[in-house]
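Colleague: Have a look at this one.
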Amino acid sequence: MAVYAITGGAGFIGSHLADDLLADGHHVRVLDDLSTGRRSQVDSRSDLIVADVCDTAALARLLDGADAVFHLAAIASVIRSNEDWIGTNRVNLGGTVAVLEVARRAGGIPVVYASSAAIYGNQPGPADEALTPAPRSAYGADKFGSEMHAGIAFSVHAVPTFGVRFFNVYGPRQDPRSPYSGVISIFAERIAHQERLVIHGDGRQLRDFVYVDDAVRHLRAGLRLLQDAPRAAVVNVCTGSGTSILELARTIGQISGKRPDIEFAPAREGDIRLSIGDPARARALLGISANTSLQDGLAATLASKLPIAV
Ligand code: NAD
Ligand code: UD2
């Protein structure tokens, strides 16, 4: 049994990761400020520290005796990062540096952390890791900055680091409450309540949708790689195929057996037209790929939204 620390472990991806580690008999410690995460998503077998990710004293308690830390805490909204530049930079870049520093003080605990496809900005086609990052948001810039600091953590301070550049992750428990929540969580919630779907722009923008279980598998495989041979690495977590938002709405309609009512609204400012990743490096380094089909992933996501009959 190992002890794993997760920042952001009360959130969407973090809570799935925690469940997976617990199922394998590991001990899990979560640090989360519960700003978007929920206490109810933290399994009672885990320890929960309610604190800010920049609080180094709380991080020291989180990492005390831990075998590794998964750093997922962030303000995961492109739009919020543009509205609250200073506040999101404090958490999204400052939080990463704080985790790296406390991992260094704790003797070089391996750090697996969430980066994002947002570092690429507007890409010409499927992005591989050799593409020069060109973020178009403060959020993407902070994720790119996090990768730079994770590189320094290894080269200067011998802290092994592994960054996962998540493309659009979806699945049960993704919070649909904010207008900037992931599109699948919003569509699934609306379909369940027979509400109209709103498509921003012409609906032909492409996204590479990754089911949350695949995201968790990449996080854990990243840690195994660091344990085999310390390094600083980053990989895309993506399927390699794009789905348009229109096609997504249609597929959700088919699976749920309901014809979605669709309304078109103006495109979001700065919306990326194409976001598709090349999964080759993840496959080569980790020996896995994000292979849950959209059909299967959506079916599981929609099933979790079905109203409970009373
Ligand atoms: P989420 O909002 O569900 O999880 C983030 C968690 O961090 C929440 O539990 C929140 O309460 C916590 N948090 C936020 N600010 C904090 C702070 N100051 N101190 C402590 N905890 C704080 O989002 P998610 O989708 O699970 O994202 C997890 C990670 O993956 C984030 O780093 C995000 O940027 C990254 N990511 C997600 C996606 C995606 O498609 N979901 C894509 C790219 C990258
Ligand atoms: C996602 C991530 C972001 C970042 C980025 C990487 C979420 C919530 N955001 O931003 O954190 O990692 O990817 O590039 O996961 N849309 C609609 N109707 C809706 C909601 C969305 O048409 O009700 C459109 C939206 O305009 C966009 C697409 O759907 O074109 C996807 O939107 P999103 O918010 O799910 O994710 P994205 O790609 O903007």
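The values are calculated or read from the model by the stated rules, or taken from the named source; none is laboratory data. As the structure is a computational prediction, the values presented were derived from the model and not from experiment. Note: ideal-geometry Cβ built from the backbone for every residue, glycine included; neighbour counts use all protein chains shown. Accessible surface areas use protein heavy atoms only, side chains included; no ligands, DNA or RNA. Shrake-Rupley method; radii C 1.70, N 1.55, O 1.52, S 1.80 Å.
Colleague: Go through the stretch 111-125 and report how many residues are modelled with pLDDT of 95 or more and either more than 10 Å from ligand 2 (Cβ to nearest atom) or part of a strand (DSSP E or B) (or both).
Modeller: Qualifying residue count, the stretch 111-125: 6.
Colleague: I would also like to ask the following. In the stretch 50-77, what residues are within 16 Å of ligand 2 (Cβ to nearest atom) and surrounded by fewer than 22 Cβ atoms within 10 Å (Cβ to Cβ)?
Modeller: Matches in the stretch 50-77: Ile75, Ser77.
Colleague: Here's a follow-up. Could you list all residues from the stretch 79-96 that are under 18 Å from Cys54 (Cβ atoms), part of a helix (DSSP H, G or I) and more than 18 Å from the chain's Cα centre (by Cα)?
Modeller: Trp85, Ile86, Gly87, Arg90
Colleague: Which one of the conditions (1) surrounded by 16 or more Cβ atoms within 10 Å (Cβ to Cβ); (2) within 14 Å of ligand 2 (Cβ to nearest atom); (3) not aliphatic (A, V, I, L, M) does His218 fail to meet, given that it meets all the rest?
Modeller: Condition not satisfied by His218: (2).
Colleague: Identify, by number, the condition in (1) part of a loop (DSSP other than H, G, I, E, B); (2) open to solvent by less than 20 Å² (accessible area, probe 1.4 Å); (3) out of contact with any strand residue (DSSP E or B) (no Cβ under 7 Å at 6 or more places or on another chain) that Gly9 doesn't meet.
Modeller: All conditions pass for Gly9, except number (3).
Colleague: Then there is this: Sort through Asp47, Asp32, Asp43, Asp20 and tell me the only one that's under 16 Å from the mean Cα position of the chain (by Cα), away from ligand 1 (no atom under 13 Å from the Cβ) and in the same structural domain as Ala117 (by TED's automatic domain parsing).
Modeller: The unique qualifying residue is Asp20.
Colleague: Give the number of residues within the stretch 261-310 that are open to solvent by 70 Å² or more (accessible area, probe 1.4 Å) and part of a loop (DSSP other than H, G, I, E, B).
Modeller: The total comes to 11.
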